[in-house]
Each structure stands twice: as C-alpha cells, then as structure tokens.
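The structure appears below as structure tokens.
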C-alpha cells in the first residue's frame, strides 16, 4: 500500500504495513510465513469491507479526493490506446487543468477530455490543481467542436474541486465560458458520455459534464458547491464541511435517487486507488455498454433525448404554462 | 391616476421596511446619503438624482416600470418548491422558504410574465433578490424553461432581469443542473432566431451568471452592478491580494468585453424596446408610457 492514506484508512494502512513487513522478512530470510500473511490479508480485507460498508458522505468525499486515486490521465492510459493530446484554446492559453485529445477505445476513435489534478507539487501547479480557468473551458469547447466535425463520440472525465476563483479568470469572463459550454453541449451533434471519477465540483464540473449518459464512480462526489464553501456560507464555519456534505447529498446513491445520473460504476474494495487495474476493468465494461447504447441513436433523436433528459432535472408539476 | 402614482404607496412602504427610515416623505440615498424627496426618488425609478446610485427594486416593481402596463399574464406561477433533500442547516429549508415568501411577497425567486413593451408582445422574467438571494432552484429553472417555451410557441422575444447569488445550495445538485437546463432551453431560442436580451442587475453571480445571464444575444448591465462568477470574498481569499478598484463591476465588465453596454435604469425601457424592435425587424417603437424625465 502507498504511504498516502486518509484518516479513517489508518487501521487498514497499519495492517497492510505489517503484511509488507512479513513479506519482506519471508523473502529476505527465506522463511515460510504464508499462513500468517494469508491470515492478515484476510483480516485486512474484512476490515476494509466493514469500514467501507458504512462510509459517511464526508468519508466518501475523502476517498473522492484521495491523493492516490486514479486521475483522468490514468484512465486515458488504462482504457484507451493511441492517445494524441491536443492542446491550446487557440486564443491565448495552453492551460492544462483540462486535458484532452483523440484516442481509441476498442479500436473506435473517440475524443477524450477531462480535468487533470496532477500528482506532486510541480504537476499540481502545472495542472492548476484541476481547477479550470476560462481558457480551459474554451479549449474544451474547441475539442468538442472537433469531435462534432469528425463524428467522434466524446468521453468526458470529471474531477475538479471547481472553477478557479481568480482575478484573471473573472477578467476573461469565467461565467460566459461555462455558460457557453452548457449551451453548446446541449446540442453537440455527437454522443457524449460523462463520468465523475473523483470530485464533481460545481460549475467547473458541469461545464464539461452535459451528456447523453452521466455516470459516477461509487466513491465519487458531485455537488453544487464544495462542502467547505457551503459550510462557510451557511454556518459561517468552513470546518463544518462534514455536516454540509451530509446535508447536500453529494454521494452517488443520493444523486442517482434524484435521477440526475444514469448509473453508478462499482469500485474495487477500498476504492479505485486500492486496485487500479480492477477499476479500469469495471469502467471498461460499463463504457462498452454505454457507448453502444448512445451510438445506436440517429443524431436528431439523440439530441431530442438529451434535451428531454436536461428538462427532466428537477421537473415539477404545473397547472398552467 | 397615472401608473406611477398608483405604484407609489407600495414603493414607499417597502423601502421604509428595508431601510428603517422613519415614516415620512423623505428618504436617504444608500450611496451618497443625500436626503431625497421620496416621490422624486420614485419618479426617478429609485435612481438617486444626485449620485446616480441604482437602488434595489423588487421583481414586481421592475416589471411595472418596464412593461406598458400591469396587464400581464404570469407564466407557470403555480409551481411549488420541493425540498428534495429535507435540507437543514441552522434552519430548515422549509422554514427558510416560508420566511422568503413573507419577505418578498412572492412564491419563488423568479417571476415570468407575458406582457407588452411599447405595444410589442414580449416575455419577461425577473429575479426577486429578496427570495433567498434570488437563488436558482428547480422552480426558477422550470419557470424559466416555461417562459422560453411560450416564446417558442408564440414567436416572442425574451428579456431577463437577473439578480441572484447563484444556485440554491438547499436544493443540492438539482440546483446545479438547472444551469444546464436553462442553457439548453436558450439554445432552442437561438435555433428559432428569437432574441434573448439579458439585463444584469446588482448583484448577479455564481450559477445564474454562469448560465442564462451570460447567454444573452445582447447583454446590458445597470451601472455599478456586481457581476461575476466567484464572489469577491472567495477570490480575495484564494489569491491573497487586494482586488483592483472597480473589480467585477459593470464598468469593469464593459471594459473587458463581457457585456454590450451599461444603461441607466431610467433609459432601460426604451433602449431595450429599440433593440428588440430592430432584432425582430419591427418599426422603431415610440414610448406609450408617460415620460419619466
């Protein structure tokens, strides 16, 4: 196990450290400790299963933000072949909080796009911690148009704390950049599949998150404002994020119950970071199925279904129009 | 009795409640503190004649000032707010809604109507800031879509007066999705070549700014309105430096190309009428209402 763990993972981490130590001893001294190792492994599995059977929304949030959690680039590597990254908004910037390009999924050419958080200080800064600025939404828009031009289905990975709140971002009209993407995506003439892989942070997430199928990984979150932001506004106290996470219903099952997403993709025991290969396998299967489903439609029908889906979000009964 | 004198009693009683100015015929400007004759302030559509400060208007007042008369038809006025999450912070969402209804005398944060502007039939939607900071939940989104649908059906232009803190947290992700919903509806309006005029009032931020408000074919702001995606406090905390003078104000947006024009409230009605008439290729309109100045 990696040395990164979140607070409630500590008991699992300690057990795993023991297992690692035993394996080392066994290997270096050529003694057979298999029985003990197997016993501890089983214990670790049970402990993980028990901890993960009753996660609070705030614990899910921590898993969604886990430093070892696979990021967009890991999914690109794990799911696709022949990836060519395409860069730049063609106006002013080559920002990388959103990355994208063309690749193949089961030989089918696709356009892939997603927020990239970055690992390690240097990468994190390079990718602006996955917090897009207006230029990056406009780069995304350019890639969406490219997909439309060449009839490539779009696969979008969502993983952002939110849009970047900065002076330059406002000067470059962040609001318009997000709004325009929402408008264009609602009519983009190719199938779009969106997958929330970690954090679905507000408008920053939605700006590449309008599609024909919207999926969430089991331990991802999706929210209108970060729980810290919500707590700061409602309780004037950002440390009450745990309560805000609970109140806002940010986890996949809650959001599925509100009919705002289509499906939840199961994660390996202990979360995607504990078995990345298994995670890729799970997602690959779901993606195959979903892609076949959305590619089945004629374009106009696809757009009509997409429109009806958007109109169904929070639909209410009305007596008059 | 003119439309204006009809309005006066309700106007003065509301501003009294808000500002706590003692009963009487005098009022104080929120910005320059000059003492103003209340009737004169109302005649100026609540723009300070001394410093030009635009005082807040309720959505109803806005419609009454903007449209030819109050013979408008409300659109989807019976939609009921749903407490999707059984949300509770320091107060229950349900109680907050009750308080908001009392504070604003409206049942939600957006009013949608079909009315007339210089005799042109139009659809107007206006945000009510006194209803949970004009925040956009499911009713606001749905009512906006209904308004767009009336435009599509009857081939009418749409005018929106935005003033909002953004998405309504108490409705969780349902409120975020309203951004996608209203933007998709506006795409239909574009398809049908129907103009959408977006008017930005003080303040317009967050999810409302980042969806319908910034999608106008023509975008107009009232002077000195705070307009932006992130609030200034959040930005200041993030960047840790003092924000530039006039940051996120109408004049800043105009300078950086985000909006088409800044229009004084007292000229808004005729300016919009003229813009709309040109976009729908109708003759130049003349004012059908008693002149204000």
Relative contact order as a percentage, chain A, C-alpha pairs under 8 Å and 6+ apart, gives 15
For a footprinting-style exposure proxy, rank B:270, B:179 by other Cβ within 10 Å, fewest first.
B:270, B:179
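Taking other Cβ within 10 Å of each residue's Cβ, how do A:289, A:73 sort, fewest first?
Values: A:289 11, A:73 19.
Ranked by crowding around the Cβ, least crowded first: A:289, A:73.
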Report Rg (one decimal) and Dmax (nearest whole number) for the range A:82-162, counting Cα atoms only, units Å.
12.5, 37
So what's Rg/Rh here for the range A:146-273, counting alpha carbon atoms and using the Kirkwood radius for Rh?
1.00
What's the exposure ranking of A:175, A:94, going from fewest to most Cβ atoms within 10 Å?
A:94, A:175
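What is the ratio of the Cα radius of gyration of chain B to 2.2 N^0.38 Å, with N the residue count, to two decimals?
On the way: Rg = 18.7 Å, N = 293, 2.2 N^0.38 = 19.0 Å.
That ratio works out to 0.98.
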In square nanometres and to one decimal, what's the mean projected area of the convex hull around the Cα atoms of the range A:61-312?
13.1
Give the separation of the Cα centroids, the range A:226-294 to the range B:131-160, in Å.
30
Helix-only estimate, please: 222 nm mean residue ellipticity of the protein assembly as shown, summing -39500 (n - 2.57) across DSSP H runs of length 4 or more and dividing by its residues, to the nearest 500.
-13500 deg cm²/dmol
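Enter the per residue convex hull volume of the range B:108-198, computed from alpha-carbon coordinates, in Å³ rounded to the nearest integer. Don't jump to the answer; show the numbers that get you there.
Working: hull volume 7.2 nm³, N = 91.
Spelled out: Cα convex hull of the range B:108-198, divided by residues, is 79 Å³.
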Please report the orientation-averaged projected area of the range A:207-321, defined via the convex hull of its C-alpha atoms, in nm².
10.2
Starting at 0 and stepping by 10 Å, how many percent of the alpha carbon pairs of the protein assembly as shown end up in each bin?
3, 16, 26, 24, 16, 8, 4, 2, 1, 0, 0
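If I take all pairs of Cα atoms in the range B:22-161, what percentage of them are more than 22 Å from each other?
49
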Defining a contact as two alpha carbons under 8 Å apart and six or more residues distant in sequence, what relative contact order in percent does chain B show?
14
Quick one: what does P(r) look like for the range B:148-293 with 10 Å bins over all Cα pairs, in whole %?
11, 35, 35, 15, 4, 0
Between the range B:172-228 and the range A:50-121, what's the alpha-carbon centroid distance in Å?
29
Within the range A:238-282, list the residues whose amide N lies under 16 Å from a label point set 7 Å along Cα→Cβ of residue A:49.
A:267-271
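Counting alpha carbon pairs within less than 8 Å and at least 6 residues apart, what relative contact order, in whole percent, applies to the range A:39-165? Walk me through the intermediate numbers first.
Working: 192 pairs, mean separation 29.0, N = 127.
Contact order relative to length: 23 percent.
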Using only Cα atoms, what is the ratio of the radius of gyration of the range A:7-54 to 2.2 N^0.38 Å?
1.26
Quick numbers on the range A:252-302, Rg and Dmax over C-alpha atoms in Å, give 13.8, 42
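Where a number appears in this text, it was derived from the coordinates with a stated rule and is not lab data. Note that this is a predicted model, so its numbers are computed, not measured. Heads up, the Cβs are rebuilt from the backbone with ideal geometry, glycines too, and the neighbour counts pull from every protein chain shown.
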